[in-house]
Amino acid sequence: MTEHKYHFDVKMACSGCSNAVNRVLKKLDDVKNIDISLKDQSVDVVTDEKLTFDQVKAVIAKTGKEITGGKLLLKYLCE
C-alpha cells in the first residue's frame, strides 16, 4: 500500500481554527496522521493512496480557512 504525505499552508488565527481543520480531517477514513501547527500556519496530513491532494485540500477549504499553498511531501510504500 502506498501512503502520501501532504503539506498545506493554512491561515489559522486561533486554536479554534486549528481544531476545526483537525475535526474535518479526522472524519476522513483514509487519513492516517494529522500534524497541525498554529505557529507555522501549516497542516501536514498522511493518507492512504486513495485520498488525493485535491480531495484533502477541498475538505480543509470547507472550514472556511484560506489555503495559501500546498504540496506533496512524500509518497512511500508501506508493508
Pick from segment 13-23, criterion free of Cβ contacts under 8 Å to residues at least 40 places away in the same chain and surrounded by 15 or more Cβ atoms within 10 Å (Cβ to Cβ), ranking: farthest from the chain's Cα centre (by Cα) | S18
Here the residues within segment 1-38 that are of a type in the set (A, V, I, L, M, F, W, C) and assigned to a helix (DSSP H, G or I) are C17, A20, V21, V24, L25
Output the number of residues of segment 25-46 satisfying the condition of being touching a Lys or Arg at 6+ places or on another chain (Cβ under 6 Å) and among the β-branched types (V, I, T).
-> 1
Cβ pairs under 6 Å, 6+ apart, first in segment 42-58 and on the phi > 0 side of the Ramachandran plot and crowded, with 17+ Cβ neighbours inside 10 Å, second modelled with pLDDT under 95 and among the β-branched types (V, I, T) = none
Just name the residue that is farthest from the chain's Cα centre (by Cα) out of those in segment 1-12 that are surrounded by fewer than 14 Cβ atoms within 10 Å (Cβ to Cβ) and at pLDDT below 95.
-> M1
Residue selected from segment 13-54 under the condition closer than 16 Å to K75 by Cα, touching a His at 6+ places or on another chain (Cβ under 9 Å) and of a type outside the set (F, W, Y), by the criterion modelled with the lowest pLDDT | E49
Check V56 against each of (1) part of a helix (DSSP H, G or I); (2) hydrophobic (A, V, I, L, M, F, W, C); (3) closer than 19 Å to G16 by Cα and name the one condition it does not meet.
-> (3)
Return yes or no: is K65 modelled with pLDDT of 95 or more, surrounded by 12 or more Cβ atoms within 10 Å (Cβ to Cβ), in contact with a strand residue (DSSP E or B) (Cβ under 9 Å, 6 or more places away or on another chain) and part of a loop (DSSP other than H, G, I, E, B)?
-> yes
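Residue-wise test of (1) among the β-branched types (V, I, T); (2) under 12 Å from E3 (Cα atoms).
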residue: L25; (1), (2): no, no
residue: I34; (1), (2): yes, no
residue: E49; (1), (2): no, yes
residue: I67; (1), (2): yes, no
residue: L72; (1), (2): no, yes
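The values are calculated or read from the model by the stated rules, or taken from the named source; none is laboratory data. Treat the numbers as computed from the prediction; the structure is a model and nothing was measured. We place every Cβ from the backbone using ideal geometry, glycine too, and count neighbours over all the protein chains shown.
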